[in-house]
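The values are calculated or read from the model by the stated rules, or taken from the named source; none is laboratory data. Here the structure is a predicted model, which is why all the values come from computation and not from measurement. Methodologically, a virtual Cβ is constructed for each residue, glycine included, from the backbone with ideal geometry; neighbour enumeration extends over all protein chains shown. Just so you know, the surface numbers come from the protein's heavy atoms only, side chains and all, with ligands and any DNA or RNA stripped out. Shrake-Rupley method; radii C 1.70, N 1.55, O 1.52, S 1.80 Å.
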Amino acid sequence: MVDTALERLEAALAKLESERYELTLFVSGASASSERAIRNAKAVCDLHLGGRHDLRIVDVNQEPDLIRGSRVLATPTLVKEIPAPERMLVGDLSDRERVLLALDVRVVEKPSAEAA
Amino acid sequence: MNTEAPHSEKRPALPAEFGSLPKAPTGIDGLDEVTEGGLPRGRPTLICGPAGCGKTLLGLEFLVRGITEHGENGVFVAFEETREDLIANVESLGFDLAQLEADGQLAIDHVSIEPTEIEQSGEWDLEGLFIRLGASIDAVGADRVVIDTIENLFGAFPDKATLRAELRRLFRWLKDRGVTAIITGERGDGSLTRHGIEEYVSDCVIVLDHRVSEETSTRRLRILKYRGSLHGTNEYPFLIHRGGITVVPITSLGIEHDVSGERLSMGVARLDEMLGGRGVLRGSSILVSGTAGTGKSTIAAQFCDAACRRGERALYFAFEESEAQIVRNMASVGMDLGQWVEQGLLKFTCVRPSLAGLEAHLSSMQALVAEFNPSVVVIDPISDLLTAGASRDVSAMLTRQVDFLKVRGVTALFTSLDQHLQLEEANHQIAALIDVWLLVATQKANGERNRSLSVLKARGMAHSNQIREFLLTERGIEIAGIHRFEEVLTGSARIAQEEAHRRGNGGPAEASPGPAPELVAGVPRAGGAQ
């Protein structure tokens, strides 16, 4: 019983680890918080998603139609479209812990860190 | 059909010092009157109130009327209801939002914000909202914007301090764009809005309320603040009905409607005589009041019968009896109302007012009047409507109703049961709106109860000051001739007097048809007023 549950958890974690992330970061022009958000988002992707991601950066000033089709009101906003559920992360993404939590990334990182 | 009150266009001119503030007419019935011309043009207005008070509808109607009546396009930002819900909700009011959207006159931007979906990490601003709002405004060339409701943002974004600062910026931005905006907010405990947004809107604040008193719900509107402008300060009841919102500005009752000199028969020759010889003026309001069983409904029915005989339509709102009952009862006094119903000239609406709110009632009554287009309307009795709501609300509503009928040139007859002593006050307010007031009473003398009728008031016409006996006969209402003794003789005393007169030794002659001779100018009132 315990084994199977553990096996299932490991399988789920493995699946999570291999899952692709589709992220869109909405920023507005060259504001300081936007620049910080772009830097932080790229760092999170590189460090924790290891290439399993597709990060799109939208400047709402340049592409207002893209924001009209979304549910975004604040900038910067990082939207995790895939995997479901969709999550929105508002702010310059300076709180790394919160970002990972919101993206459901930490669950993947923790066991592998312990294994290493 | 034109249901717009013509007087809404003819507003009194503002004093010069207030003339400089440009206003955007809302097109909402009654609201432009109480705001002396509309909302501040190019500025944001805050509309707050509890859930279900009509904020969203007011915003939508402001946009729709702007497009259809003032050539100003609009943007609706919805945080609560979806585009589809909004379209469906106002479809029944005759607003076709989808068509307006398709015609490029309206943009609806629904942004669903689920508080649980949003996490916060670090600094942010509301630039995204500004951009999407700006894009929508540009897309339709909007002059009007509605944001419904700002309170949802507070639910979604945990950082209240940033949000407040951003909302302050939003209001400034809207002003800079020069759009006339409505921002809606929810009423908070002890404050106007839950998060004190009213501090940021300095130009115009309107409060809506939805109260239930005596099991009747009434919506009210109050202009809390309107910088640089005259405005009504009262609480105004408002209705939501098939044509949208109607604010009931009792203090600005339209008294500019066209008046008619045409006279209508009440259906009783001698009653017409008492009213200057030719009956009532078309478009006037008649109140028949009296105690139970004095024949008020019969007078009302006779009035309808007379209209139908002229080939006109009559609409009869009966709150105590069914159609079948009325038709049967009137048949007993020789009136065949059934024929008029069959010919489509007479229509009965029989309901108990307590079943629906007063508001719903009056709006459905107005809708029926607009639909059936009668020349005369009977409300029998109006005192039943009075029991459907607190008397202050009722008189405001009735004022609107009387006004509505007057503007349409409809002659209205209301009956009122005077036993309801607590209704006296309301009755007095109604009395001010009434052109002709007939009082019916029963007089007790010689072991009999006999009916008497007098004209308490009749605006704009010479009228009799006599108290006359009136009889319900097989041929309808008959008003007996006058026999003066010490007071008006009724019943057997009158018959005895008539007998005596026939024998040639009576008092003054029976009043003959024709202009009523003021035989009884000195008759004491006490005989009639019981």
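Here are some notes:
- Average beta-carbon neighbours from other chains, 10 Å sphere, peptide A:92-99: 3
- For region B:127-141, heavy-atom accessible area (probe 1.4 Å) falls by no less than 30 Å² from the chain alone to the full protein assembly at B:Glu127, B:Gly128, B:Ile131, B:Arg132, B:Ala135.
- Charge sum, other residues only, whose C-beta stays under 12 Å from B:Asn373's C-beta, Lys/Arg counted +1 and Asp/Glu -1: +1
- Entries in B:Lys296/B:Lys347; B:Lys55/B:Lys406; B:Lys406/B:Lys457; A:Lys80/B:Lys55; B:Lys296/B:Lys457 that, when Cα-Cα distance is taken, lie over 23 Å: B:Lys55/B:Lys406; A:Lys80/B:Lys55
- Theoretical FRET efficiency, 1/(1+(r/R0)^6), r = Cβ-Cβ of B:Arg169 and B:Glu321, R0 56 Å, to 0.05: 0.35
- Between region B:326-340 and region B:122-166, the C-alpha centres lie 64 angstrom from each other.
- Order by protection proxy (mean Cβ within 10 Å, highest first), peptides B:176-189, B:219-232: B:176-189, B:219-232
- Label sites at A:Arg96 and B:Arg328, each approximated as a point 7 angstrom past Cα along Cα to Cβ, lie 9.0 nm apart.
- Counts of other chain beta carbons within 10 angstrom of each beta carbon in peptide A:61-72 average 5.
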